[in-house]
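Just below is one structure, and these are the notes that go with it.
Please treat every number below as a calculation from the coordinates, not as lab data. Predicted model only: the values in this text are computed from it and were never measured. Here the Cβ is made from the backbone with ideal geometry for all residues, glycine too, and neighbour counts use every protein chain on show.
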Amino acid sequence: MTKTTNPQASLNNPFNTTQEVEFSVPGQASYEPGLYEESLKKGFDLIQRPKTAAGVASITRQHSKNRMTIWERISVLTDEDPKVLFQNWGKNLDGAGLVTAVVKINGRDVALYGHDFTVRAGSMDATNGKKLARLFELAGKRRIPLVGMNDSAGAYVPAGVGGLDGYAEAFTALRKISGVVPSIMCMFGFNAGGGSYLPRQGSFLIQPNETFFGLTGPGVVKSVLGEDVTADELGGPGVHSQTGVTDFVVEDEVAALKKVKELLNYIPDNNSVMAPVQETSDP
């Protein structure tokens, strides 16, 4: 049995504090730990590994931009630890830039994905594309809402065309569940390429201030067209809210995640059921 408490979102270095975990056999009196406890500890350490394996420098860099890590975003959004959590962490980090999960939000099951910007800038390879597609299919099969926390530089260039293949599979799966289950997309950080136009297929799009998403960044615009333009002028919330791409502009990431919870109070799990009933003071 393990006793843990849900981590609170913060911009503190996760290496500075060690989570206290007690490993014990239920119902047994005090005794010397053995193989059972050792196995529990190894399993716990394995689950915790993706949260810090990117290294202190990458996590500190994310915090210096006033952005949370994917794990901190999950802790803000969810009622409890995810029941299903996939995070590849192979020798080549294939798939490690994306986390997919089934979580509890306001007591409801929700399919969730989020890019881990501390790993390859959250870029997408073929493995990530398959993970996204499987999550979308799961949401459609279980007929539960979908939430996306996008923080991606786009396709993983060293993977070549494989990164684009991953996007193709994810795009197809997302279109198939469109109109069947609702999807809420949050845009965090600096999103480019596929990291910007896949989320727009969602039902709702939430964009905090000081974020960007677009086909390409200001640097490419400068080199190709010779025009000086800032990221905010090119793809900030002021632009996308006027064009109708962004549905909600909020102050920061925490406000965006709160808006997700708020929206889920008003929309149904799928197109065959009614929306949640809310208490009201109206007569």
Problem set entry | Extension gain (nm, one decimal) between residue 35 and residue 210, 0.36 nm per residue minus Cα-Cα | 58.0 nm
For this session: Report the label-to-label distance for residue 141 and residue 258 in nanometres (one decimal), using points 7 Å from each Cα along the Cα→Cβ vector.
Result: 3.7 nm
For this session: Take each of the peptides 207-215, 267-275, average the number of other beta-carbon atoms within 10 Å over its residues, and list them starting from the highest.
Result: 207-215, 267-275
For this session: Please label the shape of region 55-264 as rounded, prolate or oblate, based on the square roots a ≥ b ≥ c of the eigenvalues of the alpha-carbon gyration tensor (a/c under 1.5 means rounded; beyond that, a/b larger than b/c means prolate, else oblate).
Result: rounded
Exercise. Ranked highest first by average number of other Cβ atoms within 10 Å, how do 112-125, 46-59, 148-161, 252-265 line up?
Worked result: 112-125, 148-161, 252-265, 46-59
For this session: For an R0 of 25 angstrom, estimate the FRET efficiency from the Cβ-Cβ distance between residue 180 and residue 106 and round to the nearest 0.05.
Result: 0.75
For this session: Check cross-link reach from residue 141 to the aspartates and glutamates: straight Cα distance under 20 Å, and skip same-chain residues fewer than eight apart.
Result: 109, 169, 269
Exercise. Okay, which of region 223-254 sit inside 15 Å, backbone N to the point 7 Å along the Cα-Cβ direction of residue 200?
Worked result: 234-248
Problem set entry | Set 130/222; 41/131; 41/258 screened for pairs whose C-alpha atoms are more than 32 Å apart | 130/222; 41/258
Exercise. Label-point separation (nm) for residue 241 and residue 229, each offset 7 Å from Cα along Cα-to-Cβ?
Worked result: 2.0 nm
